[in-house]
Amino acid sequence: MSGRSRQRRSRTRSPKRQWRRMDLHLHTPGSNDYQEPHISYLDILHQAEIRGLDIMAFTDHNTVAGFSAMKKEIEQLLWLEQLGRMEPDEKRHLEEYRRLLDKIMVLPGFEFTATFGFHILGIFPSETQVSFLEHLLLSLNIPPDLLEAGSSTVGATSDVLTAYRVINEAGGLVIAAHANSNNGVVMRGLDIGGQTRIAYTQDSNLHVLEVTDLEKRGRYTTRRFFDGSKPEYPRPMRCIQGSDAHRLLRESAQSKSLGVGERITEILLDEVSFEALAKVLTGNDFALTRPYRGPANPVDFVQLAREEGESIVQTFHPSMAQRGGYADRVLKDICAMANTNGGTIYVGASANPNEQPIGVREPNKAIERLYTAISNRFSPEIELHIDSLNSKNKPIVRIIVQPGQDLPYAIDDNKFYVRDESETNLAVRDEIVRLVERGLAHEEREPVALPLPLPLPVPAAAAAKTDKGNGGKRHKGKLDAPRTGVEIVSSEKRQGTIYHTVRDLRNGNLIKNVTRKSARKLWHYAITQVEAGVPKPGDIKWQGNMAILDQRKKHDSVWYDLAMRDNGDIHIYYGVTDSGLNDDWLALVQKQ
């Protein structure tokens, strides 16, 4: 089957597809810290029905005792029914179980406590045997005498990466529980070191991040951090929310302890089944999940993207008409994203979230024209998916581009484009050389989750050892440079023209022989600043070995010019964005 045929098939939608509500993080009396131990499993199911849940998972601490208890209760009722010895109350209970379990898919799972206290959810199909899950927990070093205790404190267990792998290989969904909060793998202020943090969030066995700030807006939310725009975290991660309920109902509006279904994620499914659920959660179409805000106020995924603004992995075009050059600009973005980190292109809406979307007339025909243009003008074949979404009652064409493996990609055989933050540019010679090197390197190695040339996750033990030796940072006593923007490394005047060597901080590439005339926008800005004269060290307002020289707003982002002292050398970084700031630089910026 040709690539284009595969693409066409991938966008065929079932007429049964609809939004379903799920809560994949629910505790029961099987957890020893459950706040209402007198609550029955029917009570939990009834509350799930009231909340309108279609899918729920029992995820007790390091045990499947809750799911097992419900299953045994149902088996006992079925046995009594078979013997004809049921009391009226027992008959009503069994009928309620049948009705509710026919309406709500209840999945077994657990919340595993990994080494150093990190929490990981493992979710499995309904038919999974309890004995299988108990054996799995034993293999993760849960002590046998604590297997039914439901305690979050279980001593030394398996490390995070081992847990991801074991749960995934056993057929489970792997979710980092409340990742940005207590016991989460990306909790702020947790000094576990850069390589460890990358490993814990970019590992290919991890499917989803559960976060507590999914409803929040702004540049510093967890979902924005893991949207693929940060150089160290190029794999976009799906973020969902769950209630982490330890009681039936929330005690008060001020209480942080939520009840069943009080923090819901909606998911677009063809059918309610574990297979359909897993297909979405392990896929890369992030528009198929969204925080639930009630039937009268559904999330507009395109509008949310517009509010976040353009980035290295996201851009917008009001049209793809030939007139005005819109069609060519869309194709250039596709090529650039395939050569960089991948990303999403929206056609039919501008980047300004305050403007009404124009929409695309006859989106199906427009999509066919796009596929034809891509097939005729691109080499080699690009892996992508094109469909349409509605935004404010207007059809918007969405193009999801995968980061390429058969690099480099070109339009019309010889036009190579790359993505530079929120802009698309023709690749210069040195960038084309790097693309070719990456393509050749990919042919010589097994596929990995992260695109080169960024560092791959290291085993947890090795990462912890490295981080411990470096005081939790990659370089002991030494600052790291930002990971976006550019640095002018050297300058040389030849025959009246100044030639510069530019370092791309995102990937470390050195681009030589750049002049002010030949430079793209950010490079041109940096070169102009350098040729006008860099600031003297004594004139810089240092805070330790760091300084902010300038900051300016560009679209929805803030761009910084920064300075760093390193063993007597002064480094000036131009056009650094939020996505390139590590913890040290971020702390400096937030002081302003």
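The values are calculated or read from the model by the stated rules, or taken from the named source; none is laboratory data. These figures come from a predicted structure and were not determined experimentally. As a convention, Cβ positions derive from the backbone with ideal geometry for all residues, glycine included, and neighbour counts pool all protein chains shown.
Just a few scattered comments:
- The range 40-64, subset hydrophobic (A, V, I, L, M, F, W, C) and either surrounded by fewer than 20 Cβ atoms within 10 Å (Cβ to Cβ) or within 27 Å of the chain's Cα centre (by Cα) (or both), residue farthest from Pro108 (Cα to Cα): Ile50
- Residue match in the range 191-198 (condition: in a helix (DSSP H, G or I) and within 23 Å of Asp285 (Cα to Cα)): yes
- Set side by side, the residues Ala321, Ala351, Ala336, Ala327 differ, and just one is crowded, with 23+ Cβ neighbours inside 10 Å and either of a type in the set (Phe, Trp, Tyr) or over 18 Å from the mean Cα position of the chain (by Cα) (or both), which is Ala336.
- Considering residues of the range 54-70 that are part of a strand (DSSP E or B) and touching a Gly at 6+ places or on another chain (Cβ under 6 Å) only, the residue farthest from Ile123 (Cα to Cα): His61
- Number of the condition not met by Arg99 [criteria: (1) of a type outside the set (Asp, Glu); (2) closer than 26 Å to Ile267 by Cα; (3) touching a residue at least 24 places away in the same chain (Cβ under 8 Å)]: (3)
- Note on the range 150-202: residues that are buried (at least 18 other Cβ atoms within 10 Å of the Cβ) and either outside the structural domain of Arg224 (by TED's automatic domain parsing) or at positive phi (or both) total 4.
- Here Ile142 clears all of (1) closer than 27 Å to Gln47 by Cα; (2) buried (at least 17 other Cβ atoms within 10 Å of the Cβ) except the condition numbered (1).
- Within the range 303-320, one or more residues are modelled with pLDDT under 95, in contact with a helix residue (DSSP H, G or I) (Cβ under 8 Å, 6 or more places away or on another chain), in a strand (DSSP E or B) and among the hydroxyl-bearing types (Ser, Thr, Tyr).
- Taking the range 521-562 as the range and being surrounded by fewer than 15 Cβ atoms within 10 Å (Cβ to Cβ) and either part of a helix (DSSP H, G or I) or in the same structural domain as Ser422 (by TED's automatic domain parsing) (or both) as the test, the residues that pass are Lys521, Thr528, Glu531, Ala532, Pro537, Gly538, Asp539.
- Note on the range 551-578: among residues that are touching a Phe, Trp or Tyr at 6+ places or on another chain (Cβ under 8 Å) and more than 15 Å from Glu487 (Cβ to Cβ), the one that is modelled with the highest pLDDT is Gln551.
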